[in-house]
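Novice: Okay, here's the structure, questions in a sec.
The values are calculated or read from the model by the stated rules, or taken from the named source; none is laboratory data. This one's a predicted model, so the numbers in the text were calculated from it and none came from an experiment. So basically every Cβ, Gly included, is an ideal-geometry build from the backbone, and we count neighbours across all protein chains shown. These accessible areas exclude ligands, DNA and RNA; they are computed on the full protein's heavy atoms, side chains included. Shrake-Rupley method; radii C 1.70, N 1.55, O 1.52, S 1.80 Å.
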Amino acid sequence: MTVSMVVADDVREGRRGAGRPLDMTKRDAILDAAEDVFAREGYGASMDRVAEVAGVSKQTIYKHFSAKDRLFDAMVVRRSERMTEPVTMGDPAAPPAEVLTNLGLRFLELMVEGQLNCLLRTMLSAGAQSDMSGHFYQTGPAVSLSRLGSYLKRQHDEGRLSIPDPMLAAEQFFGLMNGHVQLRGLLGVLPAMGDAERQARVDAAVRVFMAAYGR
């Protein structure tokens, strides 16, 4: 069963249990709270704490998400979906450089966010005791990589780019964008990055990528 199917199952379960459609505003509030709580307290944080931060009852959380692992998955999936919107929901006729620039800005915005680095530290610390790190990777980063790879393959098939190995190129693009940003964030030595610096980093990465793969 895929992650999207799991999340959809939770929504259907909530509708059956409540007898009426779920409040998506509350769902978003729960996911926002989960990001904050998991980042600060790790995966061991209680659902009571998530409910307190979200301003809802624990019963309401379970109407939307039947278990903590499903809440965590939905949180990671939402982050991935938001970041990859330029390649999944953007104008299919837009120039690749424009799409990649928008994706790069979304990616950097996520990389410099303190919550993500806290979550990554949680995954790293838990990795030795469980398969949580691998699950986190498959649910989030691997999905984002696959979405970019699919986009690049379409651009290759349509003659806009020349990319014989789209998945390798997708890894290279994220690598160009990332550099040492994530490493500095994990070490707690990442300086503040303003809009102009982010734009310059994205523009440079897209220029290198298009020089390698553009037609």
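Novice: To the nearest 10 degrees, how steeply does helix 195-213 sit against the main Cα axis of the chain, on a 0 to 90 scale?
Specialist: Taking the Cα atoms of the chain, the angle to 195-213 is about 60 degrees.
Novice: Same structure, new question: If I fit a long axis through the Cα atoms of helix 24-41 and take the longest principal axis of the Cα atoms of the chain, what angle between them do I get, 0 to 90°, rounded to 10?
Specialist: So the helix axis and the longest Cα principal axis differ by about 80 degrees.
Novice: Also: Choose one of ASN102, ALA29, SER66: the residue whose Cα lies farthest towards the positive end of the charge dipole of the chain (beta-carbon charges +1 Lys, Arg; -1 Asp, Glu; about the Cα centre).
Specialist: The Cα lying farthest towards the positive end belongs to SER66.
Novice: What's the local net charge at THR84, with K and R +1, D and E -1, over the other residues with C-beta under 12 Å away?
Specialist: +3
Novice: Starting from the Kirkwood radius over alpha-carbon pairs of the stretch 161-215, derive D by Stokes-Einstein at 10 °C in a medium of 1.306 mPa s and give it in µm² s⁻¹.
Specialist: It comes out at roughly 128 µm²/s.
Novice: Could you go through the stretch 173-187 in sequence order and give the Karplus-derived ³J(HN,Hα) for each residue, using 6.51 cos²θ - 1.76 cosθ + 1.60 with θ = phi - 60°, rounded to whole Hz, and x for Gly and Pro?
Specialist: Here the 3J(HN,Hα) series is 5, 4, x, 4, 5, 7, x, 10, 4, 5, 4, 4, x, 5, 7 Hz.
Novice: Taking the Cα centre of the stretch 143-215 as the origin, how large is its charge dipole in debye, to the nearest 20, when only Lys and Arg (+1) and Asp and Glu (-1) carry charge on their Cβ atoms?
Specialist: It comes to approximately 60 debye.
Novice: State the percentage of accessible surface on the stretch 62-215 attributable to carbon and sulfur atoms; use a 1.4 Å probe and exclude ligands, DNA and RNA.
Specialist: Heavy-atom surface of the stretch 62-215 belonging to carbon and sulfur, 1.4 Å probe: 55 percent.
Novice: Could I ask something else about it? Considering the options MET177, VAL206, HIS156, tell which one lies farthest towards the positive end of the dipole of the chain, charges being +1 on Lys and Arg and -1 on Asp and Glu at the Cβ, about the Cα centre.
Specialist: Comparing the listed Cα positions along the dipole, HIS156 ranks first.
Novice: State to the nearest 20 debye the size of the charge dipole of the chain about its Cα centre, where the only charges are +1 on K and R beta carbons and -1 on D and E beta carbons.
Specialist: Charge dipole, the chain, about its Cα centre: 260 debye, nearest 20.
Novice: If you don't mind, another one. Multiply the residue gap between MET89 and LEU124 by 0.36 nm, knock off their C-alpha separation, and tell me the result in nm, one decimal place.
Specialist: Contour length minus the Cα-Cα distance gives 9.4 nm.
Novice: Using DSSP to call loops (not H, G, I, E or B), can you name the GluC sites (Glu not before Pro) in the stretch 80-126 whose Cβ has at most 11 other Cβ atoms within 10 angstrom?
Specialist: none
Novice: Using only helices, what value at 222 nm comes out for the chain when you add -39,500 (n - 2.57) per DSSP H run of length 4 or more and divide by the total residues, to the nearest 500 deg cm²/dmol?
Specialist: Using -39500 (n - 2.57) per qualifying helix, the result is -23500 deg cm²/dmol.
Novice: Using Cα pairs closer than 8 Å and at least 6 residues apart in sequence, work out the relative contact order for the chain, in percent.
Specialist: RCO, the chain: 20 percent.
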